Structures are given as C-alpha cells and as structure tokens.
Amino acid sequence: MDILSLTGFALAVVAIMVGAVLKGAGIAALGSSAAFMIVVVGTIAAIFVQTSLPVFKHGMRIAGWVFSPPKLDAHAMIGKIVEWSNIARKQGLLGLEPLIAKESDPFLKKGLQLVVDGSEPDALRGTMEVELSSREHADTAGAKVFEGMGIYAPTLGIIGAVLGLMAVMQNLADPSKLGHGIAAAFTATIYGIGLANLVFLPMASKLKSTIAAQTQVREMLIEGLIGIAQGENPRAIEARLQSFMHG
C-alpha cells in the first residue's frame, strides 16, 4: 500500500474543507448537485468520447496502482535470474523447464519459455521487446485516461460557472438572491480545478511513474534472460543487471 498517495488524497480533502471554513465560505458551500452534474458527469462524458472502451476499462483497472502499485522487486528478480543462470550452467537450458510452471509473472514466464525453447538471443530480445512495448503502450494509454480527465475538468468548471452567472443575471431584480447565486456559480470552478489538480493529474503522473519503473525492471529481465541464453557467467550477468539499479 502506498501510504504517500493515501496521505496526499486525505490532505487534499482536508485542505479544501478547512480552507473553505477559514475563508468563511463554509463546508456547505462546497455541495452542489448542479456543479457535480456539469463537472463530474461532463468530464466522464468527455473522456468517453476521447477513449475507446478497452482503453477506458484498462485505465479503471490500473487506477488501483496509485494506492497499491504492482510489486516488482528488482533485487529479488536479479537473484532469480542469477539462480536460473546457475541452473542453466549446471544442467543446461532444459534444466529450467520445471520452473516455467512455477513462475507467476506472465512476462518472465514467457521469456523463460523462450530460453528453454532455445531461441536465439536476437530473436529472444525482439520478441520480449515487442511484448514490453505492447504492455507499456497499453498501460500508458490507461494512464492518459486520467490525464484527459484532468484537462477537461477545469474547462467544464468554467462552463458551470458561466451557467451559474447566467442564472444570476436572470435574478438581478432580486438582490437577495445575488450573493448565493454567485457563490453557487463558482462552486463548479472549484470542482473542476480541484479535481484536476488534486485527483486526476496527480493520478496520471503516479501511474506513469509506476509504468516507467515496471518498464525498467522488465528491460533488466530481458538482459538477464539473454545472458542465460548465451551461457554467460552468472556473476557477469549479476554485475550487468545491478547497473540497472542506478538507472
């Protein structure tokens, strides 16, 4: 669990609510069904138009990575690659075959199968890099769902404010309604800018950094698998993979 993300979202809520109280607006001023419809529902509508259904679904699936990112322990992965290398040196590549069924990571499992099948290093690299690129592209597209929402929300907040001011202008003859009407109009702006800068854009950035970290680990795994396929010394493989830890 990513404590920093949880703390960040909690602080965002506290900052807005306490800020509203300190500014004299009050927490009740933040509640507006009209602003919710215009900004939240409008943002969802816009992102529906922008993305395809598979991309949207994938974006929703990986949203949880903000709080619980996939566990890819690079140090443990290096240890596993070195262990496999030792087995291959002693028993040959076929000695790794029983380990395929035990491997839980699909990416690593596919790479190990290619090694056991005796794939040439260049063919192994090409296949795994295509797999890596496809995964990275799909995950990045999912992250851009939230990036898009962060772009649309502030604009829809402005639309909500304009609509609210239009309603106020229709009641100029009744001064008692002006103050409340103007306050309600700007609630939509708060929704739009707040959601964009405290939720959607931070989520997109966090997801992109998680994807980049996964990509780096998988690039390291490709190098390790190629080293095994080439019959390199386990210590040489370990030294090369350790260099990724400083990337």
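The values are calculated or read from the model by the stated rules, or taken from the named source; none is laboratory data. Predicted, not measured: the structure shown is a model, and the values here were computed from it. Every residue, glycine as well, gets a Cβ built from its backbone with ideal geometry; the counts of neighbours run over all protein chains shown.
Below, the figures for the structure above:
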{"read-out": "Helices (runs of 4 or more DSSP H) lying entirely in segment 1-69 (those with 2 or more residues that are outside the structural domain of residue 150 (by TED's automatic domain parsing) and not aliphatic (A, V, I, L, M))", "value": "3-22"}
{"read-out": "Single residue of segment 1-50 satisfying the filter (aromatic (Phe, Trp, Tyr) and more than 23 Å from residue 182 (Cβ to Cβ)) that is modelled with the highest pLDDT", "value": "48"}
{"read-out": "All positions within segment 224-237 that are surrounded by fewer than 17 Cβ atoms within 10 Å (Cβ to Cβ), of a type outside the set (Gly, Ala, Ser) and part of a helix (DSSP H, G or I)", "value": "235"}
{"read-out": "Residue satisfying all of: in segment 125-175; acidic (Asp, Glu) and surrounded by 15 or more Cβ atoms within 10 Å (Cβ to Cβ); farthest from the chain's Cα centre (by Cα) among these", "value": "131"}
{"read-out": "Options 124, 99, 94; residue that is farther than 29 Å from residue 205 by Cα and either of a type outside the set (A, V, I, L, M, F, W, C) or in contact with a Gly (Cβ under 8 Å, 6 or more places away or on another chain) (or both)", "value": "124"}
{"read-out": "Condition check for residue 6: in contact with a helix residue (DSSP H, G or I) (Cβ under 8 Å, 6 or more places away or on another chain) and either of a type in the set (Asp, Glu) or touching a residue at least 60 places away in the same chain (Cβ under 8 Å) (or both)", "value": "no"}
{"read-out": "Meets criteria (more than 27 Å from the chain's Cα centre (by Cα) and either within 12 Å of residue 222 (Cβ to Cβ) or surrounded by 18 or more Cβ atoms within 10 Å (Cβ to Cβ) (or both)) for residue 108", "value": "no"}
{"read-out": "Single match in 132, 99, 72, 94 (criterion: in the same structural domain as residue 195 (by TED's automatic domain parsing), assigned to a helix (DSSP H, G or I), in contact (Cβ under 8 Å) with a residue 60 or more places away in the chain and of a type outside the set (Gly, Ala, Ser))", "value": "132"}
{"read-out": "Which numbered condition residue 84 misses (of (1) more than 32 Å from the chain's Cα centre (by Cα); (2) touching a residue at least 60 places away in the same chain (Cβ under 8 Å))", "value": "(1)"}
